[in-house]
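Working notes for the structure below.
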Protein chains: 2
Amino acid sequence: MYTQEFAAEVQLRKDKIVAALRSMNTDAILLGTNVNNYYMAGRVFSGYVYINSDGYLHYYVKRPALLKGDDITYIRKPEEIPALLQEAGVSMPSTIGLEMDFMSYNDITRLAKVFPEATAMNGSGIMRYVRSTKTAYEIEKIRISAQGHMSVYKSLQGTYYPGITDTELQIEIESRLRRAGCLGIFRVAGPSMEVFMGSLISGDNADNPSPYDFAMGGAGLDSSLPVGGNGTVIEPGMSTMVDLCGNFTGYMTDISRTYSVGRLSDLAYKAHDCSVAIHHAIAKMARPGVKASDIYNLAYNMAAEAELSAYFMGHNQQAGFMGHGVGIEINEAPVLAPRSRDVLEAGNVIAVEPKFVIPGTGAVGIENTYLITSDGCECLTDFNEEIMPLD
Amino acid sequence: MYTQEFAAEVQLRKDKIVAALRSMNTDAILLGTNVNNYYMAGRVFSGYVYINSDGYLHYYVKRPALLKGDDITYIRKPEEIPALLQEAGVSMPSTIGLEMDFMSYNDITRLAKVFPEATAMNGSGIMRYVRSTKTAYEIEKIRISAQGHMSVYKSLQGTYYPGITDTELQIEIESRLRRAGCLGIFRVAGPSMEVFMGSLISGDNADNPSPYDFAMGGAGLDSSLPVGGNGTVIEPGMSTMVDLCGNFTGYMTDISRTYSVGRLSDLAYKAHDCSVAIHHAIAKMARPGVKASDIYNLAYNMAAEAELSAYFMGHNQQAGFMGHGVGIEINEAPVLAPRSRDVLEAGNVIAVEPKFVIPGTGAVGIENTYLITSDGCECLTDFNEEIMPLD
């Protein structure tokens, strides 16, 4: 199924899952979503991964044809799994974790019946927790994404011409990202938050509220996708917030930068400087053991002290968070929010996005992706933090 | 919530749902996925749509802030809905349809508890059926997508240069589609089938099997997204199958065309001609009352008569279907497959894709989107069916 290098990685990930299963008194977990199959196999396939608390791991594959390995069995349907476990001398689970947060009701109901003697439990939390601390292998993938992602953001001076719209600029950046190796796909956990390749928002469009818990909405081009650019002609004095997809390796970085043509309002610079100051304060504070809610509160309080609360994380509609874990998906753990119970751990990779929406100007601020190290944190997306010119 | 024009459309869609609820002896349905919220509101929002068999319809909206209308109530959580129904004098349902095929196990479990006196039933099939026959309004949206989609496919001569890869060509076409108004997002029902903006496959990469039930797979550029182009350098004698996203309006068309540089193998032309002949035969046969399985069988038999069965709908891995409904999502009803129970109805919009994978050449054939009319069918994507030059 995978390369020898990746075999060691699978062992590492399996060990984390086994430890989580034991701590939750769960005998086994059966994974079946693309993201978790990818996490455990190093590639997307259609089928299931079975892992039990004794450390038994097996792949039950439906497609693609032609995968090979001792730990792979081809199946047509999940009902074949129990007999295959018995053949392999593996005892049946009495409790089994299933991906109840993300698999459909009907899929879970079917899988629960595959193990009629077992109590089905929600295994989504286990995977969310395990995946929230990245291995060295994963961090390397994120570093590669960061390089590609930053290279495009650094290249935008000169893209402006009079009359260019937010959408035209976004399409140009999408194309540059793709040519730099971006895979394009923007994975979001859960079915409800739909974004194409991220968002680019100019001027007061930032204040159009979103169907989602976003600091900035943007009306979008069509009511079927009411987020992001809406055809606004970019004008001098208007900010443009670029927050596009950084998935170059299966693992994403999340970066936002503010651009402008000419000078913005004084309030916009003040708010942008506050965002940068929040980043610097968080970079000093973030380390294992720090509460995610304390990081949110630090940012919230700094915005309040600067008398910018009315613009913090949105204006007409304010978001309830200020950062999030990132990896295979854009919305992983931990969550930086006032009521988050997450506590930072070494290996967390978090996107921090203290943004402000300034009426008459648009969105300002920056977003960086940080790695929590054993004794502090490292900015993986460290480059120009100023408002950058498009012209 | 919506324009006056769209109010009549909502009435039409609601009437279809009410009829389906009555025929299924279901008192009410509670929708909550983006696609079905969009279907009933004409815009994506976060929240729920409640419709009962008496024709009562109400939107319970979480976000975005600032929507207005007599039929809208803002809520923070779905548990508020029963009290709001009672206030409105609406009787409680004793059976309620929920989107069990597509909403998560935990979301459905929560929603079922909102109506503790009601029996929860699977409402996904009702919506799948209702949405499978398009209204005049929807057909107009699909026609607009068809125009944009075709305009880009017609523009590809001259994109070839020696050394160009499948990925480079795909990025160029993605950019042309986006500039022509394509929204980019490629909606697939269910969480498991992940594609970025469609696929472009050159040469023998067509024979790399897919994790999904696709005629052609393609290895992809990364194991996290193992579909489509894999960096193959496009060479004379190699076919290139273009099957990219046609979502310009929230409603998609699905079109594939085969391109080449120079001449292909005789077998490739024979198979391509067979694909075109299958289309012409289906265009004569398809009308309300025809079984979807009969359309599949017609195509299968024509491929067999031409001694092309080994290449039909794939070679190393063959797909189990030959067409599908298309609309808001790429995989709607009806399904053209050997065991499909679907029967064509006026208003169905179906993508028909008899394709062949020819070892040493690549994929050939075409895909068109058809509207089933009251007495036949209309090709919505009628343009050059030949293998077209890239050079």
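The values are calculated or read from the model by the stated rules, or taken from the named source; none is laboratory data. Everything numeric here is computed off the predicted structure, so don't read it as measured data. Methodologically, a virtual Cβ is constructed for each residue, glycine included, from the backbone with ideal geometry; neighbour enumeration extends over all protein chains shown.
Tabulated data
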read-out: All positions within the stretch B:222-238 that are assigned to a loop (DSSP other than H, G, I, E, B) and within 14 Å of another protein chain (Cβ to nearest Cβ); value: B:223, B:224, B:226, B:227, B:228, B:229, B:230, B:231
read-out: Subset of the stretch B:167-193 (residues that are over 17 Å from the mean Cα position of the chain (by Cα) and among the hydroxyl-bearing types (Ser, Thr, Tyr)); value: B:167, B:175
read-out: Unique match (being more than 24 Å from the chain's Cα centre (by Cα) and touching a residue at least 12 places away in the same chain (Cβ under 8 Å)) among A:264, A:225, A:244; value: A:264
read-out: Selected residue [among the charged types (D, E, K, R), assigned to a loop (DSSP other than H, G, I, E, B) and either assigned by TED's automatic domain parsing to the domain that holds residue A:102 or on the phi > 0 side of the Ramachandran plot (or both)] from A:345, A:307; value: A:307
read-out: Filter result (surrounded by fewer than 18 Cβ atoms within 10 Å (Cβ to Cβ) and within 22 Å of residue B:252 (Cβ to Cβ)) within the stretch B:278-329; value: B:283, B:320
read-out: Residue B:94 vs. criteria more than 24 Å from residue B:183 (Cα to Cα) and touching a residue at least 40 places away in the same chain (Cβ under 8 Å); value: yes
read-out: Hey, residue A:213 free of Cβ contacts under 8 Å to residues at least 12 places away in the same chain, of a type in the set (D, E, K, R) and at the interface with another protein chain (Cβ under 8 Å from one of its Cβ atoms) or not; value: no
read-out: Those residues of the stretch A:186-210 which are facing chain B (nearest Cβ under 7 Å) and of a type in the set (A, V, I, L, M, F, W, C), in sequence order; value: A:196, A:197
read-out: Criterion: assigned to a loop (DSSP other than H, G, I, E, B), touching a residue at least 40 places away in the same chain (Cβ under 8 Å) and of a type outside the set (Phe, Trp, Tyr) - qualifying residue of A:101, A:54, A:70, A:107; value: A:101
read-out: Filter result for residue A:61 (at negative phi, out of contact with any helix residue (DSSP H, G or I) (no Cβ under 6 Å at 6 or more places or on another chain), in a loop (DSSP other than H, G, I, E, B) and of a type in the set (A, V, I, L, M, F, W, C)); value: no
read-out: Single condition residue B:219 does not satisfy, out of (1) facing chain A (nearest Cβ under 7 Å); (2) in a loop (DSSP other than H, G, I, E, B); (3) among the hydrophobic types (A, V, I, L, M, F, W, C); value: (1)
read-out: Tally, over the stretch B:1-39, of residues that are aliphatic (A, V, I, L, M), surrounded by fewer than 20 Cβ atoms within 10 Å (Cβ to Cβ), within 14 Å of another protein chain (Cβ to nearest Cβ) and in a helix (DSSP H, G or I); value: 1
